[in-house]
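In what follows, a single structure is set out as structure tokens and then discussed.
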Amino acid sequence: LKPGGDKLFRAMHELKHEGYVKKIGVSVYDRAEIEYITKNFQLDIIQVPVSIFDQRLLSDDILMRLHDKGIEVDVRSVFFQGIILMDPEKVPSYFKGSMKKIIEFRKVLLKYDLTPLEASLSFVKRLKFVSRVVVGVNNVKQLNEIFSAFSSKRCLDNYKKYAFDEINVLNPAKWGF
């Protein structure tokens, strides 16, 4: 999206044509970036933020359309930068406007005996267009917990009501901490 981006894409396309690169992809943040990039460049993979709290890109079928065109859709930020996994008492005050939803979400998890990890992963597993789920880990224990939670069949019925809609809360670049 910056000056020279088209040159970078042409160079990547040439490397792909020569067999040095198998797939070309981008990591984006919002619908405007998706629309601009897919209109101007031929991609193999696109990586987007999707979580229980960040469902912006699920409001229409844009991600399914990409999938149907053969573009792999990878999702990241499934734990909403760790906020979903935090004890509500430790969530930064920046999220005070969203605390009601966070607390309601945690109460429902207790009711259904689900962990935040299981709920986060079951949410993205149900999305038919997802090729891969990208997560970060700090140690082997966390990786094993993620594998275990990913294998779980348990989930909530309705995730929609936990979606945040404030753009400043949805974009980690605006958090300021």
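The values are calculated or read from the model by the stated rules, or taken from the named source; none is laboratory data. Quick caveat, the model's predicted, so the values are computed rather than measured. Reconstructed Cβ throughout: ideal geometry from the backbone, glycine too, with neighbour counts over all protein chains shown. Quick note on the areas: whole protein, heavy atoms, side chains included, nothing else; ligands and nucleic acids left out. Shrake-Rupley method; radii C 1.70, N 1.55, O 1.52, S 1.80 Å.
Okay, here's what the table says:
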| quantity | calculated |
| --- | --- |
| Residue match in the range 54-74 (condition: among the small types (G, A, S), in contact (Cβ under 8 Å) with a residue 60 or more places away in the chain and under 21 Å from D157 (Cα atoms)) | no |
| Residue count, the range 60-77 (criterion: part of a loop (DSSP other than H, G, I, E, B) and either within 15 Å of Y29 (Cβ to Cβ) or among the acidic types (D, E) (or both)) | 3 |
| Some residue of the range 103-114 being under 19 Å from the mean Cα position of the chain (by Cα), of a type in the set (A, V, I, L, M, F, W, C) and in a helix (DSSP H, G or I) | yes |
| Among residues of the range 158-172, those that are open to solvent by less than 50 Å² (accessible area, probe 1.4 Å), assigned to a loop (DSSP other than H, G, I, E, B) and not hydroxyl-bearing (S, T, Y), counted | 3 |
| Subset of the range 91-122 [in contact with a Leu (Cβ under 8 Å, 6 or more places away or on another chain) and not aliphatic (A, V, I, L, M)] | Y112, T115, P116, S120, S122 |
| Residue under evaluation K111, criteria (1) in contact (Cβ under 8 Å) with a residue 12 or more places away in the chain; (2) of a type in the set (D, E, K, R); (3) open to solvent by 70 Å² or more (accessible area, probe 1.4 Å), criterion not met | (1) |
| Residue check, F150 among the aromatic types (F, W, Y) and touching a residue at least 40 places away in the same chain (Cβ under 8 Å) | no |
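To keep it simple, each residue is scored yes or no on (1) at pLDDT 95 or above; (2) among the charged types (D, E, K, R); (3) open to solvent by 30 Å² or more (accessible area, probe 1.4 Å).
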| site | (1), (2), (3) |
| --- | --- |
| D74 | yes, yes, no |
| V91 | no, no, no |
| Y94 | no, no, yes |
| T115 | yes, no, yes |
| R126 | no, yes, yes |
| F129 | yes, no, no |
| V133 | yes, no, yes |
| V140 | yes, no, yes |
